[in-house]
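Please read the structure below before turning to the comments.
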Amino acid sequence: MAKTVLIVDDSESIREVVNFTLQNEGYEVLVGVDGEDALKYLDGRNIDIVITDLHMPNLDGLGLIRKVREMDAYKHIPILFLTTESQTEKKMEAKEAGATGWIIKPFVPAKLLSAISRVIR
Amino acid sequence: MLDKFKQKFVEEALDNVADLEEALFQLEKEPENEELVERIFRSMHTIKGGGAMFGFNDLSAFTHNLETIFDMVRNKKLAVDKEIISLTFESLDYIRQLLDLGDLTDEEGINRQKEYIAKIQRYFTPDVSAPAASKAAAPAAPAPAAPAPAAQSKKNYLITIEPLPTLLDNGTNPLFILDDLTAMGDWKTMAFIKDIPPYADFKPLTLGIRWQVLLSTEQDVNDIKDVFIFVEDECKVDIAELVPGNYIAESPEPLVALLAKAAADEQYLKAADFEQFKVVKKTAPKPKEEKGKAAADAKISTMRVASSKIDELVNAVSELVTMQAQFSLLAEKNGDPNLIAMAEQMEKLTRQLRENSFEMSLIPLQGELVRFQRLVRDLSKTLNKELEFVVEGGDIELDKNIIEHLMDPMLHIIRNSADHGIELPEERIKKGKNPKGTILLKAFYSGSSVIIKISDDGKGMDPDKLLKKGIERGLVDPGVTLSKSEILNLIFASGFSTAEKVSDVSGRGVGMDVVKSKIAEIRGDVIVDSEKDQGTTLTLELPLTLSIIDGLLTKVKGEQYVVPLSNIERILTFVEVEFSQSGLSKSFLYQGEQISYIDVAELFYSQKQDDAKRKILLVKFGDRRVGLVVDEIVGEYQIVVKPLGRYMRRIDMISGASVMGDGSLSLVIDTNRLINYYNQRRLKKKESE
């Protein structure tokens, strides 16, 4: 069965590239425009992985990660975040919030897919 | 692929710039508004990230610097002033230009970008390490070429992985880490599980396993560390380099023992444990001393055992298989769950033991074929022929007893090919053939049998000549029409020799009839095919092993008979076929083919049966099929075949007997001989009539 990916990013172009890449690879893709918007998908349905940006209006990436980890259904699913910072600080913060790993922007499709394959197979 | 998204990005970035402008106007009025700063930072961040993804590298580099200012403002390291705001406005105009231009190519543009960046960087200590900034500062400078990796051989690592019990909490699957590691080269892994609490206290979401991985890889330590990138803080990882050598892939006995001990003791392996695998560099001279030393160092990996001991082992295991079947049956009847569990365990062990001992008695054919190479070479001299002996599939393994039985027949076939098959060079040239004749030996597996084909490209056999000789020898009645394969099969009749005169090489009284019976002794079969002037092929079909076969247990008149499964093509019911009888030859029509059949009850007990529930086994007989009618089919069994006693040796249609699980006895039918016997008897009957 196709794996379901929830992508959350406030940038439409990033969303489109990620969405296009993942659908091409056969993933089911759900798209949230920010953390708040993404929550509507977290209604108990099957989601295999969340990929979220960190800087977003309304509910940012860290907030979203924490919320996801509070939900029983999604407590243990992998969460990757998109980041341009190579600073460890931001990564630490996100990992403490419960993220599984990260994808450094900018990325080419292959890099995105390899990061995903690190956490779901 | 990304191009189609580029336009989208530009539109989006322009929206971002407009939004930035609006936010800046407001920030000018309320410089303390944190929300505005956050909004500005975020927009810049989006432009930067997208810029790099969609090929606007200069834009991304530039925006990175601008973003840095607002990051500092955000973190209260810098206060917003009029200068910053006007600089940002100016920068926004420049960003619009870059969005229009794409990456800079002209020197003027590049210099102007440098100026802008320098202007912005005055607000903070330039962060040289930021890749985007450094790239902007020297966009033309190519990345320093990575030093060409020296032709490095594999390195060995011992990787100890101690995950925190909470590793599973953030969605990490530790098995993927092991997968990634083991994908890098040759590996061995060990799990340490003593931290897993007993079942009653077991918490599935708390990790209690630790691992050690032995990895032999061409990739370097950083590639290994990279695998752990997401779990750096949740996993204690120790990577130790081990002594070089190929021992991880080869897995010699001492390594296996070392791993087993570590697993049993739940004790980590240490780098020092691997010193023993250090390859002693051989210095050229003193070969004798070296040899002695190496022999002392090396653990014994193979040993010679008398083949009689292996025979004994195989025999004992065969007995054990029988005993075990009896035991299982007893346990089942008894119904005691403890006994049944034991019987199952024993069955598992027995199977393992059987497979091991069976494997032990296998030897590669190749080793025995060398003498044929030699033979062909010698023959080419004696016979003044140019001969080549080619072997394909010599690495195939066969039961040593089968190989022993095979040597004489193969020798005879090869001699025949060299002597009678392949023509003299001048004759071959006349026929337009390569003056050098080839004898090809091809061995391969086919189902549960091994096929050995020995073919030559010689003159082949002349059916007319064979038939004439057959009639001369009284083997064929004159006037009878025989098919080509029937004629060719005459060579297997006793007292038939194709050689016009007895020669040194092949005429030693050993005819093809002896070949046939020798092969039949090991439950094999010989098939001949020949085409005039093209050559002859003899195909030996052999079982993989002698002592244990897959058999179909059947009943005839209440007695148990086993038919080797490899001989059976199909099981038919009486309803499926149409019987017909003409004189003494009984046959039925099946799928448009007229197949003769033998009623086993009639043959063995001289009793006619008329039960329509009986079954027909369609068995192979050379290139034909013959039906064997039995009363009942019991099922499929692993059969340990034991030879019949001395008194029964002469009943050759029974190849042996087997003790079944319930202690009863069954006889193993040799279908080829049974059919031959039946045919001969029929012919005799015909004569006497």
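Tabulated data
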{"read-out": "Long-range neighbours under 8 Å by Cβ, at least six apart or interchain, first residue at positive phi and more than 12 Å from chain B (Cβ to nearest Cβ) within region A:1-27, second surrounded by fewer than 22 Cβ atoms within 10 Å (Cβ to Cβ) and not in a strand (DSSP E or B)", "value": "A:G26/A:A2"}
{"read-out": "Selection count, region B:309-328, where residues are over 10 Å from B:R354 (Cβ atoms) and among the polar types (S, T, N, Q)", "value": "4"}
{"read-out": "Top-ranked residue of region A:64-78 - restricted to ones that are under 13 Å from the mean Cα position of the chain (by Cα) and within 7 Å of chain B (Cβ to nearest Cβ), ranked as nearest to A:L42 (Cα to Cα)", "value": "A:I77"}
{"read-out": "Enumeration of residues in region B:40-67 that are buried (at least 22 other Cβ atoms within 10 Å of the Cβ), modelled with pLDDT under 85 and of a type in the set (S, T, N, Q)", "value": "B:T46"}
{"read-out": "Filter result for B:E355 (surrounded by fewer than 16 Cβ atoms within 10 Å (Cβ to Cβ) and either on the phi > 0 side of the Ramachandran plot or part of a helix (DSSP H, G or I) (or both))", "value": "yes"}
{"read-out": "Single condition A:E93 does not satisfy, out of (1) more than 14 Å from the chain's Cα centre (by Cα); (2) within 11 Å of chain B (Cβ to nearest Cβ)", "value": "(2)"}
{"read-out": "Pick from region A:109-119, criterion more than 8 Å from chain B (Cβ to nearest Cβ) and either over 15 Å from the mean Cα position of the chain (by Cα) or in contact (Cβ under 8 Å) with a residue 60 or more places away in the chain (or both), ranking: surrounded by the most Cβ atoms within 10 Å (Cβ to Cβ)", "value": "A:I116"}
{"read-out": "Among the candidates A:I77, A:I65, A:I51, residue that is in a helix (DSSP H, G or I) and not aromatic (F, W, Y)", "value": "A:I65"}
{"read-out": "Residue count for region A:79-90, restricted to those that are more than 8 Å from chain B (Cβ to nearest Cβ) and either farther than 28 Å from B:A61 by Cβ or of a type in the set (S, T, Y) (or both)", "value": "2"}
{"read-out": "Check on B:D58, more than 13 Å from chain A (Cβ to nearest Cβ) and either closer than 18 Å to A:L54 by Cα or in a helix (DSSP H, G or I) (or both)", "value": "yes"}
{"read-out": "Of all residues making up region A:28-44, the number that are away from chain B (no Cβ under 13 Å) and in contact with a helix residue (DSSP H, G or I) (Cβ under 8 Å, 6 or more places away or on another chain)", "value": "8"}
{"read-out": "Qualifying position, being under 20 Å from B:S517 (Cβ atoms) and either touching a helix residue (DSSP H, G or I) at 6+ places or on another chain (Cβ under 6 Å) or not acidic (D, E) (or both), among B:S664, B:S655, B:S596, B:S606", "value": "B:S655"}
{"read-out": "Residues being at the interface with chain B (Cβ under 8 Å from one of its Cβ atoms) and not in a strand (DSSP E or B) - total across region A:96-107", "value": "6"}
{"read-out": "Identity of the residue in region A:12-48, among the hydrophobic types (A, V, I, L, M, F, W, C) and part of a loop (DSSP other than H, G, I, E, B), that ends up farthest from A:K111 (Cα to Cα)", "value": "A:L42"}
{"read-out": "Residues within region B:212-265 that are closer than 21 Å to A:V119 by Cβ and among the β-branched types (V, I, T), tallied", "value": "6"}
{"read-out": "Filter result (under 20 Å from A:K90 (Cα atoms), free of Cβ contacts under 8 Å to residues at least 40 places away in the same chain, more than 11 Å from chain A (Cβ to nearest Cβ) and part of a helix (DSSP H, G or I)) within region B:61-100", "value": "B:F70, B:V73"}
{"read-out": "Strands (runs of 3 or more DSSP E) wholly inside region B:381-489 that include at least 1 residues being modelled with pLDDT of 85 or more", "value": "B:387-392, B:437-446, B:449-456"}
{"read-out": "Condition met for B:F621 (among the aromatic types (F, W, Y), outside the structural domain of B:N489 (by TED's automatic domain parsing) and within 22 Å of B:S517 (Cα to Cα))", "value": "yes"}
{"read-out": "Residues of region B:29-42 that turn out to be closer than 21 Å to B:N65 by Cβ, part of a helix (DSSP H, G or I) and more than 8 Å from every other protein chain (Cβ to nearest Cβ), as a count", "value": "4"}
{"read-out": "Residue count, region B:1-28 (criterion: exposed (fewer than 15 other Cβ atoms within 10 Å of the Cβ), assigned to a helix (DSSP H, G or I) and at the interface with chain A (Cβ under 10 Å from one of its Cβ atoms))", "value": "4"}
{"read-out": "Pick from region B:197-221, criterion outside any loop (DSSP other than H, G, I, E, B) and within 15 Å of B:L178 (Cα to Cα), ranking: farthest from the chain's Cα centre (by Cα)", "value": "B:R210"}
{"read-out": "Test: residue in region A:50-59 that is within 11 Å of chain B (Cβ to nearest Cβ), surrounded by fewer than 17 Cβ atoms within 10 Å (Cβ to Cβ) and in contact (Cβ under 8 Å) with a residue 40 or more places away in the chain", "value": "yes"}
{"read-out": "Residue list for region B:43-55, restricted to those being closer than 20 Å to A:N58 by Cβ and facing chain A (nearest Cβ under 7 Å)", "value": "B:H45, B:T46, B:G49, B:G50"}
{"read-out": "Residue check, B:K608 of a type in the set (K, R), in contact (Cβ under 8 Å) with a residue 12 or more places away in the chain and either in contact with a His (Cβ under 8 Å, 6 or more places away or on another chain) or surrounded by fewer than 17 Cβ atoms within 10 Å (Cβ to Cβ) (or both)", "value": "no"}
{"read-out": "Residue list for region B:606-632, restricted to those being of a type outside the set (G, A, S) and at pLDDT below 85", "value": "B:Q607, B:K608, B:Q609, B:D610, B:D611, B:K613, B:K620, B:F621, B:D623, B:R624"}
{"read-out": "Residue identified as hydrophobic (A, V, I, L, M, F, W, C), within 33 Å of the chain's Cα centre (by Cα) and either surrounded by 14 or more Cβ atoms within 10 Å (Cβ to Cβ) or more than 19 Å from B:A443 (Cβ to Cβ) (or both) among B:V391, B:V376, B:V370", "value": "B:V391"}
{"read-out": "Close pairs (7 angstrom Cβ cut-off, 6 or more residues apart or separate chains): touching a residue at least 40 places away in the same chain (Cβ under 8 Å) in region B:431-447, of a type in the set (S, T, N, Q) anywhere", "value": "B:I439/B:S417; B:L440/B:S455; B:G447/B:S566"}
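The values are calculated or read from the model by the stated rules, or taken from the named source; none is laboratory data. In this text, all values refer to a predicted model and were calculated from it rather than measured experimentally. Heads up, the Cβs are rebuilt from the backbone with ideal geometry, glycines too, and the neighbour counts pull from every protein chain shown.
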